[in-house]
Amino acid sequence: MKKIESKVRYEIKGLNQERAFNKLTKEVTILTLERKDKHVSVLEVSPKDAKKTKKFLRNNNFEILSEKSQGPYLWRKRFLSCYGLIAGLVLTVACYIAQTNIIWQIRVYGNEKLPTNEITAFIQENMKSRFISNFNTKQMEIKLKDNFDRISSVSVAIIGQSVVVNVHESLLPDEMTTIYQPLVSEYDCMITSIELIQGTLSVKEGQVIRKGQELVKPYIIDSQGQKRDVKPMAKIEADVWISGQSEHKESYYKRYRTGKKVEQSNISLFGLVIYSNNAEMKFSEYELVEQSQNLNKNLLLPFKINKKIYYETKTELIEKSFSEVEKEKTLEAKEKALHSIEECEIIKAENVTIKGGAGVYLVTYTITVSREIGGV
Amino acid sequence: MINKILLSRINLDVRERKVFNFFDEIKKSIGSLDSNILNSYNLINISGKILYVEGHMGLTMLSKEMITFKVKKGRVIVEGNDLVMYELTENTMKIVGKISKVEVV
């Protein structure tokens, strides 16, 4: 393989070149010399002679047309001249080496009930430092097992720059972990039958109970007389009363819009009105709607457009006796009651009550259905 | 001890070089000529492509077609095409190119 030599090449222009070259050879070795033109020559010298050659050429009134470095010398020269690049490279390598010894993240796997952040926080608190070399995985495993009752087995490993924690949770019976709530009624009803499965009963058959009242307590008293928590379970059937209501007033004032309206608007900037269009409003009875919004979203200045809309209204006295609308109101109340009944439910009884006084009547339609209100 | 061995090695190298000096060998083989005359310059033409010069006393003309230089008691004219000078030192040079004529005047 041909050796790549380092050279510095000068293209020069001047007179009496031969004489100058003879003088130059007393100081340096000219590697190549070629005459390009009558007054132009190209010579190459080794990098160690470059400085002397350049000085000589200048002192002997030669014009240096070009100067080029070739070979490994040039690469080294270029590389060394890029101090920023070298510094950046060194810094990057140093940072990379330094960061490879640091723990960046903690990953927790296998936990279902134990919160990840609790384990992570515990590890972070118990780490001596973030350096991998200072992290003892065996010790951390023991600490985790000692501090978390729910951990059955745990393995801690360092993979790359992460601490990987594999947790196997212990299986505990629900009784040990869950706090049970009592069984409560969702309806106003009368209990028709009870079949207790688990827990302590708070009600009895034939009892009328209110919505939210306790049905079964979440514990039992065992043969030793000790209280034990259990999930309350029972099949309880009850007659549930579902009702709908409608109201009627024999005389009342009805207000309605006639359809006529008047609009007034203005444009303002920082609260100062710039333009306004105030149409005349002659309504004696009206409803007023006011709107204010930015004129344009993209404008730098916050121009606002403010609108006032006057709707003309009229008030009318409406009079109707209850006997005229009784059927209609009863049907309305029944419809409302039926809305609360589930499909395929058997209606056991229906009942209508009308309460009235001072021209106001309240119709209540009650439907009785049988429902299971316990929880199994 | 080591120094002595190194010194003897260097002396041996010097002797070996003297033994294999091409020009000295040729001069020795023609014993009848005056050695002072033979010490002025040496020219070796290798296949008309390279001319090695030893003992020149300065370049007098340089072009692609002709290179001339001074020697002791004379001048050498080298003619040819695409002539380029290689390794020009104070007393040696290599002329590379298509050398057609070497004349000593």
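Nothing in this text is a laboratory measurement; each read-out follows from the coordinates by a stated rule. These figures come from a predicted structure and were not determined experimentally. A quick note on method: Cβ atoms are made from the backbone with ideal geometry, for glycine too, and the neighbour counts reach across all protein chains shown.
Observations on the structure shown:
- Residue order, fewest to most surrounding Cβ atoms within 10 angstrom, among B:MET93, B:MET66: B:MET66, B:MET93
- When the Cα atoms of region B:40-105 are aligned to their principal axes, the ranges along those axes come out at 26, 21, 18 Å in descending order.
- Cβ-based charge dipole, the protein assembly as shown, positive-most Cα from A:THR313, B:VAL84, B:ASN42: B:ASN42
- Selection from A:TYR219, A:ASN59, A:LEU43 lying farthest towards where the dipole of chain A points positive, charges on Cβ: A:ASN59
- P(r) tail fraction, region A:251-317 - alpha-carbon pairs more than 14 Å apart, %: 64
- In terms of Cα atoms, the Rg and Dmax of region A:132-233 work out to 23.8, 74 Å.
- Taken about its Cα centre, chain A carries a charge dipole of roughly 4740 debye when the Cβ of each Lys and Arg holds +1 and the Cβ of each Asp and Glu holds -1.
- Region A:177-237: relative contact order as a whole-number percent, Cα under 8 Å and 6+ apart: 43
- Figure legend: label point modelled 7 angstrom from the Cα of A:SER340 along Cα→Cβ; residues of region A:213-240 with amide N under 17 Å from it are A:213, A:238-240.
- Percent of Cα-Cα distances greater than 34 Å, calculated over chain A: 75
- Here the scattering of region A:22-176 is modelled by Debye summation over its C-alpha atoms, one equal scatterer each and no solvent; at q = 0.12, 0.20 Å⁻¹ the log10 of I(q)/I(0) is -0.69, -1.17.
- Partners of A:LYS348 within straight-line reach, counting lysines whose Cα lies under 24 Å from its Cα and excluding those fewer than 8 residues away in the same chain: A:LYS204, A:LYS211, A:LYS235, A:LYS327, A:LYS329, A:LYS334, A:LYS336.
- If you take all other residues with their beta carbon under 15 Å from the beta carbon of A:SER152, and give Lys and Arg +1 and Asp and Glu -1, the sum is -2.
- Beta bridges per DSSP, both residues in chain A: antiparallel share near 95 percent.
- Set of region A:249-281 residues, backbone N closer than 14 Å to the point 7 Å along the Cα-Cβ line of A:GLU328: A:249-252
- Panel order for B:LEU33, A:LEU114, A:LEU33, by other beta carbons found within 10 Å of each beta carbon, from fewest to most: B:LEU33, A:LEU114, A:LEU33.
- Among A:PHE79, A:PHE21, B:PHE69, the order by Cβ neighbours within 10 angstrom, fewest to most, reads A:PHE79, A:PHE21, B:PHE69.
- Segment B:GLU79-B:ILE44, extension gain: residue separation times 0.36 nm, minus the distance between their alpha carbons: 11.1 nm
- Label-to-label distance for A:SER265 and A:CYS95 is 5.7 nm, based on points extended 7 Å past Cα in the beta-carbon direction.
- Among A:ASN136, A:ASN166, A:PRO115 - extreme Cα towards positive end, dipole of region A:105-169, charges at beta-carbon: A:ASN136
- Here the label points at A:ILE318 and A:PHE79, each 7 Å from Cα along the C-beta direction, are separated by 9.7 nm in the simple model.
- FRET efficiency, A:GLN226 to A:ILE158 (Cβ-Cβ, R0 51 Å, nearest 0.05): 0.55
- Computing FRET efficiency as 1/(1 + (r/R0)^6) for A:GLN245 and A:GLN181, where r is the C-beta to C-beta distance and R0 is 35 Å, gives about 0.65.
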